[in-house]
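**Q** Input: one structure, supplied below.
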Amino acid sequence: MIIIKSENEINIMREAGKVTGEILRNLKDFIKPGISTLKIDQYIEEYILKHNMRPAFKGLYGFPASACISVNEEVVHGIPRADRILKEGDIVSVDTGTTYKGYVSDAARTFAVGEISEDAKRLIEFTEASFFAGMEFCRVGYRLSDISNAIQRKAESGGLGIIREYVGHGIGKIMHEDPQIPNYGKAGRGPRLVEGMVFAIEPMTVLGHYDTETIDDDWTVVTKDRSLAAHYENTVVVRDGEPEFLTL
Ligand code: MG
């Protein structure tokens, strides 16, 4: 069941989302060659606590940190580590969120570490663009899979593969509410969108094939062919017209 949020609930989610958006904006300057993924996680956790919120990811399904930090061929759910040092040419996906007054926010970006390859730039650019292509349909009157289809078309126009196993989701008092929102599929299916639905829309894309596997730490998801992966996500409110972005 898709839970429609009241404007009061959305006001709280807007506060939660603002802090998540600020963190991801700040990371653009914070992430440099030589920094560990643990340092990034520590920065995020401190920022969240300083704003009197809680890190929504910490303890979620047993996850040990405040952010999932995934490098290069890692798609999602990377665990921050002191010995994972970023180097020039890497790309790093940071997925994080806050809990405030019982409501959750969720967002992700992929960052360049120093100078990156043209292919890596294309991956990051088309992933973000695919999210915004989906947003054209994240409005009252469209159907859920119209978003999915628009994301897929844009990502594939850039030569990217789209991860199948991991999808966007409804969000509210808990991180993963109904519905599931794939980043691929035929248009014109699923529920009609209604004002006050709140979604975490999150294309996850790859330069190679979309098949994934989970490595020995039981968390980190990597591409089977070890091609580079990217992630772009915001928490979004369905409106009658332009969607409202809570984490931008
Ligand atoms: Mg999410």
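The values are calculated or read from the model by the stated rules, or taken from the named source; none is laboratory data. This structure is a prediction, so every number in the text was calculated from the model and none was measured. Please note: Cβ atoms are built from the backbone with ideal geometry, for glycine as well, and neighbour counts cover all protein chains shown. We work out accessible area using only protein heavy atoms, side chains counted, and drop any ligands, DNA or RNA first. Shrake-Rupley method; radii C 1.70, N 1.55, O 1.52, S 1.80 Å.
**Q** What is the number of the single condition among (1) touching a residue at least 24 places away in the same chain (Cβ under 8 Å); (2) among the hydroxyl-bearing types (Ser, Thr, Tyr); (3) on the phi > 0 side of the Ramachandran plot that residue 61 does not meet?
**A** Here residue 61 meets the rest and fails (1).
**Q** Okay, moving on. Go over the candidates 207, 144 one by one and state the one that is open to solvent by 10 Å² or more (accessible area, probe 1.4 Å) and over 21 Å from residue 106 (Cβ atoms).
**A** Details: 144 fails: over 21 Å from residue 106 (Cβ atoms).
The conditions single out 207.
**Q** Right, here's the next one. For residue 95, all conditions in the list (1) part of a helix (DSSP H, G or I); (2) of a type in the set (Asp, Glu); (3) crowded, with 17+ Cβ neighbours inside 10 Å hold save one; what is the number of the exception?
**A** Residue 95 satisfies all of (1) part of a helix (DSSP H, G or I); (2) of a type in the set (Asp, Glu); (3) crowded, with 17+ Cβ neighbours inside 10 Å except (1).
**Q** Restricted to segment 53-92, and to residues that are hydroxyl-bearing (Ser, Thr, Tyr) and either assigned to a loop (DSSP other than H, G, I, E, B) or more than 13 Å from the chain's Cα centre (by Cα) (or both), which residue is surrounded by the fewest Cβ atoms within 10 Å (Cβ to Cβ)?
**A** Selected residue: 61.
**Q** Moving to a separate point now. Cβ-Cβ below 6 Å, separation at least six or inter-chain, first residue in segment 117-132 and in contact (Cβ under 8 Å) with a residue 60 or more places away in the chain, second open to solvent by 30 Å² or more (accessible area, probe 1.4 Å) and not in a helix (DSSP H, G or I): which pairs?
**A** Correct list of pairs: 119/207; 120/228; 123/207; 123/228.
**Q** Additional query: Report whether or not residue 221 is away from the ligand (no atom under 16 Å from the Cβ), within 20 Å of the chain's Cα centre (by Cα) and of a type in the set (Val, Ile, Thr). Talk me through it step by step, then tell me what you get.
**A** On the way: away from the ligand (no atom under 16 Å from the Cβ): no; within 20 Å of the chain's Cα centre (by Cα): yes; of a type in the set (Val, Ile, Thr): yes.
Here the answer is no, as residue 221 does not meet what is asked.
**Q** Being closer than 30 Å to residue 15 by Cα and either among the hydrophobic types (A, V, I, L, M, F, W, C) or surrounded by fewer than 18 Cβ atoms within 10 Å (Cβ to Cβ) (or both): is that true of residue 151 here? Break it down into steps so the answer makes sense when it comes.
**A** Working: closer than 30 Å to residue 15 by Cα: yes; either among the hydrophobic types (A, V, I, L, M, F, W, C) or surrounded by fewer than 18 Cβ atoms within 10 Å (Cβ to Cβ) (or both): yes.
Spelling it out, residue 151 is indeed closer than 30 Å to residue 15 by Cα and either among the hydrophobic types (A, V, I, L, M, F, W, C) or surrounded by fewer than 18 Cβ atoms within 10 Å (Cβ to Cβ) (or both).
**Q** Yes or no: segment 221-237 includes at least one residue that is modelled with pLDDT of 95 or more, open to solvent by 10 Å² or more (accessible area, probe 1.4 Å), among the polar types (S, T, N, Q) and farther than 25 Å from residue 101 by Cα. Give the steps one after another, and end with the answer.
**A** Keep residues of segment 221-237 that are modelled with pLDDT of 95 or more, which gives 221-237.
Restricting the remaining residues to those that are open to solvent by 10 Å² or more (accessible area, probe 1.4 Å) gives 224-228, 232.
Add one more test, that the residue is among the polar types (S, T, N, Q), and what stays is 227.
Checking which are farther than 25 Å from residue 101 by Cα leaves us with 227.
Scanning segment 221-237, I find at least one residue that is modelled with pLDDT of 95 or more, open to solvent by 10 Å² or more (accessible area, probe 1.4 Å), among the polar types (S, T, N, Q) and farther than 25 Å from residue 101 by Cα, so the answer is yes.
**Q** For segment 143-154, give me each residue that is assigned to a helix (DSSP H, G or I) and over 15 Å from residue 204 (Cα atoms).
**A** Taking segment 143-154 as the starting set, the residues that turn out to be assigned to a helix (DSSP H, G or I) are 144-154.
144, 145, 146 - these are the residues of segment 143-154 that are assigned to a helix (DSSP H, G or I) and over 15 Å from residue 204 (Cα atoms).
**Q** Could we say that residue 182 is within 15 Å of the ligand (Cβ to nearest atom), at pLDDT 95 or above and not acidic (Asp, Glu) here?
**A** On the way: within 15 Å of the ligand (Cβ to nearest atom): yes; at pLDDT 95 or above: yes; not acidic (Asp, Glu): yes.
In short, yes.
One line per residue, one yes/no per condition, for (1) closer than 14 Å to residue 130 by Cβ; (2) away from the ligand (no atom under 16 Å from the Cβ); (3) under 19 Å from the mean Cα position of the chain (by Cα); (4) in contact (Cβ under 8 Å) with a residue 40 or more places away in the chain:
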| position | (1), (2), (3), (4) |
| --- | --- |
| 147 | yes, no, yes, yes |
| 154 | yes, yes, yes, no |
| 160 | yes, yes, yes, yes |
| 166 | no, no, yes, yes |
| 171 | no, no, yes, yes |
| 193 | no, yes, no, yes |
| 199 | no, no, yes, yes |
| 209 | no, yes, no, yes |
